[in-house]
Amino acid sequence: MPPTHEVTNQVPELSGHDLAEDPTLLAALRRAGADWAEPELHELGRLAGTAEAGEWGRLANENPPVLRTHDRYGNRIDEVEFHPAWHELMRTAVSHGLHAAPWRDDRPGAHTARAAKFYVWGQVEAGHSCPISMTYAAVPALRATPGLAAWLEPLLASPEYDFGLREPSGKRGLIAGMSMTEKQGGSDVRTNTTSATPHADGSYRLTGHKWFTSAPMSDLFLTLAQAPGGLSCFMLPRVLPDGSRNRILLQRLKDKLGNKSNASAEIEYDGAVGWLVGEEGRGVRTIIEMVNMTRLDCTLGAASGMRLGAVRALHHATHRRAFGAALVDQPLMRNVLADLVVESEAATIVALRLAAATDRSLAGDEHETLVRRLGLAVSKYWVCKRGPMHAAEALECFGGNGYVEESGMPRLYREAPLVSVWEGSGNVAALDALRAMTRQPATVEAFFAELDEASGADRRLDASIAELRKQLGDLTDLEYRARRLVELMAVTFQGSLLVRHGDPAVADAFCASRLGGDHGGAFGTLPVGVDTEAVLARARRV
């Protein structure tokens, strides 16, 4: 009997490659003076490209965390159980310093090196990036209280992943979470009702409900609560120094659209013990240091997802044939693929530029501090906003195969909207950019100084810069126009970086389609004349 069918025209698995073989990423690393990190970055990139790492990502998402509120005897335990694959992902991330390690590293470009590794390893699985990012971001906030920083920072920066509920000082390494929002306020944290009552020993007792707590299995949290002096920031460990469990009760895990591998929870503070971080009444100013770092990671995460989507789509189109030719050789598909690569490169170059600004800002460069303040706000808005559209188009390149879970594309698609919501949705990010410009006018001057570095190199970019100056000169209905204005700022910023530092073919395609007006509203509408082969070569290196 002949077989009922034979398997042909199926795309081989994308594995056995180096995810760090990314020319835009590597060039940004060198510009930041962090080329010393390249060997480890490639080591991590090769691991990220293995079938084993891919399996960790699949298993962690298909076996999501489970909350155990009580043990068999009825005692509260408030534990979150994870699949072993989750722990492998976390162990790898921590051992390679994707968490708080850069804060203990005085080599040039340490934060850019960390950003590059975060970008590469996040392509394996994005959910575990949340606690990694929280841990990274907790350190600058904790430094507002030197005593807490001296106690916790060495453990947060440790390369040891040590999961489990134990007293912080007895662990080899710590992971941090964030617990800010409440059900009545969301991003409007000044409406928080959780109370903090001071005690004679210098600690506080916190009582209240938190609607969304990132990484509830963490060793410690930064949280906001109303103290006698106003809204304040606190550090709460899950296990107190005497070994007893803090009164942090995990009520339920959120059932989310994506990010399935990671736990997010509602929690109750029932007289939980906390220590003040910074000053009473300055909680938002204190915790904003954490928010700024996680907003950088949102931008990096979106760029990481775009790179993954573009490479996977190109790999599929290279090996899949239709109508007598490989998909990649069909003119319209080439347009789509090239457009996906252009968007990916633009996201990568701006995210790594902001990571380099972080390095320089921490070194005392005031100009870089100003560029980072405004550049991060506009990029967090736009790059994260583009992620879901990019993921949808990359999925569509697979046809019906992309809609099937086995392809991995549905997970990418579900994950993509998260970073646009996390740390302030689109409106919050756009209004934050306006706030930066009105409260710190010097940020506008620094931003234009950055754009003017590319002045005269491309007429379309010059026209976009001129239009931006015009838009900012008109304050009428500024808040109503915020999204359009911030979008223009973001794409002009990306265009200036691509013209100065990017591949010429990518820069030309970006300026023609994003700045020149010669494009449609969908991906795959690059104008005639774009060198699609040179653009696609940027993603073929893996």
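The values are calculated or read from the model by the stated rules, or taken from the named source; none is laboratory data. Not measured: the values here are computed from a predicted model. When we count neighbours, we look across all protein chains shown, and the Cβ atoms used for this are built from the backbone with ideal geometry, even at glycine.
Taking segment 414-443 as the range and being surrounded by fewer than 22 Cβ atoms within 10 Å (Cβ to Cβ), under 25 Å from Val124 (Cα atoms), touching a helix residue (DSSP H, G or I) at 6+ places or on another chain (Cβ under 7 Å) and at pLDDT 95 or above as the test, only Pro417 passes. When Asp255, Asp297 are checked against the criterion of being over 29 Å from His111 (Cβ atoms) and either at pLDDT 95 or above or outside the structural domain of Ser169 (by TED's automatic domain parsing) (or both), Asp255 stands alone in meeting it.
Table: residues versus (1) aromatic (Phe, Trp, Tyr); (2) in the same structural domain as Asp162 (by TED's automatic domain parsing); (3) assigned to a helix (DSSP H, G or I).
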site: Thr8; (1), (2), (3): no, no, no
site: Val11; (1), (2), (3): no, no, no
site: Glu38; (1), (2), (3): no, yes, yes
site: Leu47; (1), (2), (3): no, yes, yes
site: Trp56; (1), (2), (3): yes, yes, yes
site: Leu67; (1), (2), (3): no, yes, no
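From the list Leu327, Leu337, Leu376, Leu332, which one is under 15 Å from the mean Cα position of the chain (by Cα) and among the hydrophobic types (A, V, I, L, M, F, W, C)?
Step by step, each of Leu327, Leu337, Leu376, Leu332 is checked, and only Leu376 is under 15 Å from the mean Cα position of the chain (by Cα) and among the hydrophobic types (A, V, I, L, M, F, W, C).
Consider segment 509-539 and keep the residues that are at pLDDT 85 or above and of a type in the set (D, E, K, R). The one that is farthest from Val486 (Cα to Cα) is Glu533. Filter segment 172-203 down to residues that are assigned to a strand (DSSP E or B) and crowded, with 24+ Cβ neighbours inside 10 Å and give me whichever is modelled with the lowest pLDDT. Only one residue fits best here, namely Met180. Among the residues that make up segment 502-518, is at least one of them touching a Gly at 6+ places or on another chain (Cβ under 6 Å) and more than 18 Å from Val341 (Cα to Cα)? Within segment 502-518, not a single residue is touching a Gly at 6+ places or on another chain (Cβ under 6 Å) and more than 18 Å from Val341 (Cα to Cα). Only a single item in (1) more than 23 Å from the chain's Cα centre (by Cα); (2) within 19 Å of Glu453 (Cα to Cα) is not met by Leu475, and it is number (2).
Pairs meeting the criteria (first residue in segment 55-75 and among the aromatic types (Phe, Trp, Tyr) and surrounded by 13 or more Cβ atoms within 10 Å (Cβ to Cβ), second residue in a loop (DSSP other than H, G, I, E, B) and at pLDDT 95 or above, beta carbons under 8 Å, at least 6 apart or on different chains) are Trp56/Val124; Trp56/Glu125.
Before we move on, is Leu148 over 19 Å from Leu354 (Cα atoms), of a type in the set (A, V, I, L, M, F, W, C), in a helix (DSSP H, G or I) and touching a strand residue (DSSP E or B) at 6+ places or on another chain (Cβ under 7 Å)?
Against the criterion (over 19 Å from Leu354 (Cα atoms), of a type in the set (A, V, I, L, M, F, W, C), in a helix (DSSP H, G or I) and touching a strand residue (DSSP E or B) at 6+ places or on another chain (Cβ under 7 Å)), Leu148 qualifies.
When Thr223, Thr194, Thr213 are checked against the criterion of being more than 23 Å from Phe163 (Cα to Cα) and among the hydroxyl-bearing types (Ser, Thr, Tyr), a single residue qualifies: Thr194.
Checked against the criterion of being surrounded by fewer than 17 Cβ atoms within 10 Å (Cβ to Cβ), at pLDDT below 95 and not in a loop (DSSP other than H, G, I, E, B), segment 81-104 has at least one qualifying residue. Checked against the criterion of being more than 19 Å from Val371 (Cα to Cα) and either assigned to a loop (DSSP other than H, G, I, E, B) or assigned by TED's automatic domain parsing to the domain that holds Lys385 (or both), the candidates Ala490, Ala457, Ala466 yield just one match: Ala457. Within segment 238-258, the residues that satisfy the criterion of being closer than 19 Å to Phe163 by Cβ, surrounded by fewer than 24 Cβ atoms within 10 Å (Cβ to Cβ) and touching a residue at least 60 places away in the same chain (Cβ under 8 Å) are Arg238, Val239, Leu240, Gly243, Arg245, Leu250, Leu253. Number of residues in segment 400-413 that are assigned to a loop (DSSP other than H, G, I, E, B) and either free of Cβ contacts under 8 Å to residues at least 12 places away in the same chain or surrounded by 22 or more Cβ atoms within 10 Å (Cβ to Cβ) (or both): the value is 1.
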